[in-house]
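What follows is one structure encoded as structure tokens, with my remarks underneath.
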């Protein structure tokens, strides 16, 4: 499969003028059918973690791209699960939370401006 800019976009995350991370944002057909968008990866440099930077970056994307999202998280990644649970509770409306397979948990949620 070819991943073109129309299907996936990497966003550099900046905090106080410094590059602090990266978010990979995907569009159909790289998301579950019926969903508009997905976030496949969030990376924040260790010095900048737990400062709300990833949370704020996701909120900017939600405002720019309101709609239905699909996100998968590794079952054992308690930090990522906590992050998505909190973010969705504050910024979205959870539609589906399920075990996607033996390794992943899948979230489907809706955001609006």
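No lab work stands behind these numbers, since they all come straight from the coordinates. Because the structure is predicted, anything quoted here is derived from the model rather than measured. Note that we place each Cβ from the backbone using ideal geometry, even for glycine, and neighbour counts take in every protein chain shown.
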Exercise for review: Go from 0 up to the bin containing the longest alpha carbon distance in the range 34-78, width 5 Å each, and give me the % of pairs per bin.
Suggested key: 5, 17, 23, 26, 19, 8, 2, 0
Review point. Each label point is 7 Å from the Cα along the Cα-to-Cβ direction; what then is the distance between the points at residue 100 and residue 16, in nm?
Key: 3.4
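For the chain, report the translational diffusion coefficient in µm²/s to the nearest whole number, using Stokes-Einstein at 25 °C, 0.890 mPa s, and a Kirkwood Rh over Cα pairs.
On the way: Rh = 14.5 Å.
After rounding, the answer is 169 µm²/s.
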